[in-house]
Amino acid sequence: VVVFDKTGTLTMGHPEVVETVAAPGADENLVLSTAGAIEKGSDHPLAQAILRKATGLDLVEAEAFENLDGRGARARIAGDDVFVGNRRLMDEFKIDLGALASEAARLTSGGRTVVHVALGGRVIGLIAIADKERPTSAATVASLQQAGVKVAMLTGDNQATAERIGRQLGIDIILAEVLPGQKVQKLKDLQAQGYRVGMVGDGINDAPALTQADL
């Protein structure tokens, strides 16, 4: 089995914001400027997508920035706690989605990566992001399968997003909602099942998994 990291490997690694949904009492500019203030200075592909969308907006200075591995980030703006990240982050800090719960479900079921923006203890908006597959990915997957090799995709994306991309590319094994620190264990699990494992990745956090792989 060959395991591909998704972002930047099977996909272009240049995700773009495709939709922004604001909670009652907020607006799109507040959602984007709040998220942009937290993501400013980050080189993560999702952060860069948000910053491109927030171009031209006034991004205030955030304090006490903290990266939360595989979940998002937190900081403070004008004394208020701000959280920007996935649903796991909201659940961890017991932040209710309120009126946006159904919108989050809609975006997720559509295969989008959903970034939640919480300010002062409530979710003020959702940012939906999508990344395009590389033009060569489907043919590469098919070629490996014709050679008798199974193809797995490893991603931190939610299950719905991962399955959408997996269906488009014909992936055999989908490993979704995987934190960076869990990648090695996923490879060990495959090896324990008797597979010889090849790993293809593009980022620093792929290094341990690349080392664990047989190839």
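Worth a mention:
- DSSP beta bridges in the chain [antiparallel fraction, %, rounded to 5]: 75 percent
- Label zone at Leu179 (point 7 Å along Cα-to-Cβ), backbone N below 12 Å, the range 62-89: 68-72, 88-89
- The residues of the chain expose on average 49 square angstrom of accessible surface per residue, using a 1.4 Å probe on protein heavy atoms.
- Across all Cα pairs in the range 1-152, the calculated P(r) in 10 Å bins from zero up to the longest distance comes to 11, 38, 30, 14, 7, 1 percent per bin.
- Across q = 0.20, 0.27 Å⁻¹, the range 1-53 modelled as identical point scatterers on its alpha-carbon atoms has Debye log10 I(q)/I(0) values of -0.74, -1.03, in the order of the q list.
- Stretchable slack from Arg76 to Ser102, in nm (0.36 nm times residue separation minus alpha-carbon distance): 6.6 nm
- Compactness of the range 175-215, taken as the C-alpha radius of gyration over 2.2 N^0.38 Å, stands at 1.06.
- Tilt relative to the chain, helix 159-169 - C-alpha long axis, 0 to 90 degrees, to 10: 50 degrees
- Under 14 Å from Lys40, Cα to Cα: aspartates and glutamates that are on another chain or at least 8 residues apart: Asp58, Glu61, Glu63, Glu66
- With Rh defined as the Kirkwood radius, the inverse of the mean 1/r over Cα pairs, the Rg/Rh of the range 61-215 is 1.03.
- Over the C-alpha atoms of the range 68-148, the Rg to Rh ratio, Rh being the Kirkwood estimate, stands at 1.18.
- Net length gained if the chain between His14 and Arg52 were fully extended (0.36 nm per residue, minus Cα distance): 12.6 nm
- Centroid-to-centroid separation of the range 1-55 and the range 200-215 [C-alpha atoms, Å]: 24 Å
- Length released on extending from Asn205 to Asp43, taking residue separation times 0.36 nm less the Cα-Cα span: 57.0 nm
- In sequence order, calculated HN-Hα J values of the range 22-36 (Karplus, 6.51, -1.76, 1.60; Hz; x Gly/Pro): 9, 6, x, x, 10, 9, 4, 5, 5, 4, 5, 6, 5, 5, x
- When Rg and Dmax are taken over the Cα atoms of the range 137-215, they come to 12.2, 32 Å.
- On the range 134-215, 51 percent of the accessible area sits on carbon and sulfur atoms, based on a 1.4 Å probe.
- Of Arg74, Arg122, Arg196, the residue with the largest accessible area leads and the full order is Arg196, Arg122, Arg74 (1.4 Å probe).
- With Cα atoms, 0 to 90° folded angle of helix 137-146 axis to the chain main axis: 30 degrees
- C-alpha center-to-center spacing [the range 87-126, the range 133-150] in angstrom: 34 Å
- Crossing angle, helix 183-192 versus the chain [Cα axis fit, 0-90 degrees, rounded to tens]: 30 degrees
- Rel. contact order, % - alpha carbon contacts under 8 angstrom, at least six apart, the range 1-145: 30 percent
The values are calculated or read from the model by the stated rules, or taken from the named source; none is laboratory data. Predicted, not measured: the structure shown is a model, and the values here were computed from it. Don't worry about glycine lacking a Cβ; one is built from the backbone with ideal geometry, like all the others, and counts go over all protein chains shown. Just the protein is used for accessible areas: all its heavy atoms, side chains included, with ligands, DNA and RNA removed. Shrake-Rupley method; radii C 1.70, N 1.55, O 1.52, S 1.80 Å.
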